[in-house]
Ligand SMILES: C[S@@+](CC[C@H](N)C(=O)[O-])C[C@H]1O[C@@H](n2cnc3c(N)ncnc32)[C@H](O)[C@@H]1O
């Protein structure tokens, strides 16, 4: 009797936090497509990258760029439009499908891989990327930042750079109430937090899939990157542009820090 071929995932199983996050992100993937531009935007050269990201990266034409936690790939395609040879990685298989479809529909060459970024996916060759890019609400999903930073180090070629454009971790501790900024939660609380429902996505407010988030201070993030062996080149702070999160309160929130851009380089061997 003929047997069907068995395709095994060559990567180690993910931990329980990451498995829950994968399922929660898969469940919201199609609905979340509505917030992103369509393939046509990218086909005509469109980009979602911020000026300061492009400035930090410089000329990326011909460079190999790995986008960790790429979601449905819109920033990955933006880097491709800037001239980079791109690979996007995300734990959510549905988002990766949507990303691959968007690239195909836009006629853009890009590779996408469904995998956990807490350990180097075997499909990604060590020291093969000039740039590792990530951020936009990425790090708070990772149970172990030191493991993530080690993966970044492994993927980069000597002299390669990490470009991390991330929400400032303090942003989660701020809310605007009656025109004033209120402090919520505790910036130094590093316990895993379980949530359900997506407050900021119409139609998904009551999504039942549990997910886990991990708060880190800015110091925790910079320390993990440095401890992995990368040399910090710059750390800049910017006001928030997260209108999806703060709506009409954005002008008030913008008086405090909203995001940061960290550039770190792997030393030459
Ligand atoms: C807020 S998104 C950030 C990506 C992009 N900036 C965006 O806004 O779509 C967070 C992403 O992290 C992914 N993610 C969470 N944990 C992960 C892990 N361990 N490995 C790879 N991707 C992960 C989720 O699937 C989700 O697409």
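What to note about this one:
- From the options 152, 125, residue that is touching a helix residue (DSSP H, G or I) at 6+ places or on another chain (Cβ under 9 Å), outside any strand (DSSP E or B), closer than 24 Å to residue 57 by Cβ and without any contact (Cβ under 8 Å) to a residue 60 or more places away in the chain: 125
- Single residue of the range 34-45 satisfying the filter (farther than 23 Å from residue 200 by Cβ and surrounded by 15 or more Cβ atoms within 10 Å (Cβ to Cβ)) that is farthest from the ligand (Cβ to nearest atom): 43
- Only one of the numbered conditions (1) touching a residue at least 60 places away in the same chain (Cβ under 8 Å); (2) over 12 Å from the mean Cα position of the chain (by Cα); (3) not in a strand (DSSP E or B) is not met by residue 75, and that is (2).
- Meets criteria (modelled with pLDDT of 95 or more and surrounded by fewer than 16 Cβ atoms within 10 Å (Cβ to Cβ)) for residue 127: yes
- Residue ID - nearest to residue 214 (Cα to Cα), chosen from residues in the range 128-140 that are under 10 Å from the mean Cα position of the chain (by Cα) and not in a loop (DSSP other than H, G, I, E, B): 140
- Leading residue by the ranking (nearest to the chain's Cα centre (by Cα)) among those in the range 34-54 that are part of a helix (DSSP H, G or I) and farther than 19 Å from residue 65 by Cβ: 35
- Failed item, numbered, when residue 101 is tested on (1) away from the ligand (no atom under 14 Å from the Cβ); (2) out of contact with any strand residue (DSSP E or B) (no Cβ under 6 Å at 6 or more places or on another chain); (3) assigned to a loop (DSSP other than H, G, I, E, B): (3)
- 2 or more residues out of contact with any helix residue (DSSP H, G or I) (no Cβ under 7 Å at 6 or more places or on another chain): qualifying strands (runs of 3 or more DSSP E) within the range 174-252: 174-177, 180-183, 192-195, 231-239
- Test for residue 210: is it at negative phi, exposed (fewer than 12 other Cβ atoms within 10 Å of the Cβ) and in contact (Cβ under 8 Å) with a residue 40 or more places away in the chain: no
- Within the range 257-266, at least one residue is in contact (Cβ under 8 Å) with a residue 24 or more places away in the chain, assigned to a loop (DSSP other than H, G, I, E, B) and under 23 Å from residue 60 (Cβ atoms).
- Condition met for residue 167 (under 30 Å from residue 63 (Cα atoms) and either at pLDDT 95 or above or surrounded by 12 or more Cβ atoms within 10 Å (Cβ to Cβ) (or both)): yes
- Test set (1) at pLDDT 95 or above; (2) in contact with a strand residue (DSSP E or B) (Cβ under 8 Å, 6 or more places away or on another chain); (3) within 16 Å of the ligand (Cβ to nearest atom); (4) not in a strand (DSSP E or B) - residue 116 fails condition number: (2)
- Here 208, 192 are screened, and the one residue that is at pLDDT 85 or above, touching a strand residue (DSSP E or B) at 6+ places or on another chain (Cβ under 9 Å) and more than 26 Å from residue 87 (Cβ to Cβ) is 192.
The rows are residues; the columns are (1) at pLDDT below 95; (2) assigned to a helix (DSSP H, G or I); (3) within 10 Å of the ligand (Cβ to nearest atom).
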residue: 18; (1), (2), (3): no, yes, yes
residue: 21; (1), (2), (3): no, yes, yes
residue: 32; (1), (2), (3): yes, yes, yes
residue: 61; (1), (2), (3): no, no, no
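- Taking every residue in the range 31-46 that is over 9 Å from residue 105 (Cα atoms) and pairing it with any residue that is outside any helix (DSSP H, G or I) and within 12 Å of the ligand (Cβ to nearest atom), at least 6 positions away or on another chain, the pairs with Cβ-Cβ distances below 7 Å are 31/201; 32/201; 33/72; 36/72.
The values are calculated or read from the model by the stated rules, or taken from the named source; none is laboratory data. These figures come from a predicted structure and were not determined experimentally. Using ideal geometry, Cβ is built from the backbone for each residue, glycine included, and neighbour counts are taken over all protein chains shown.
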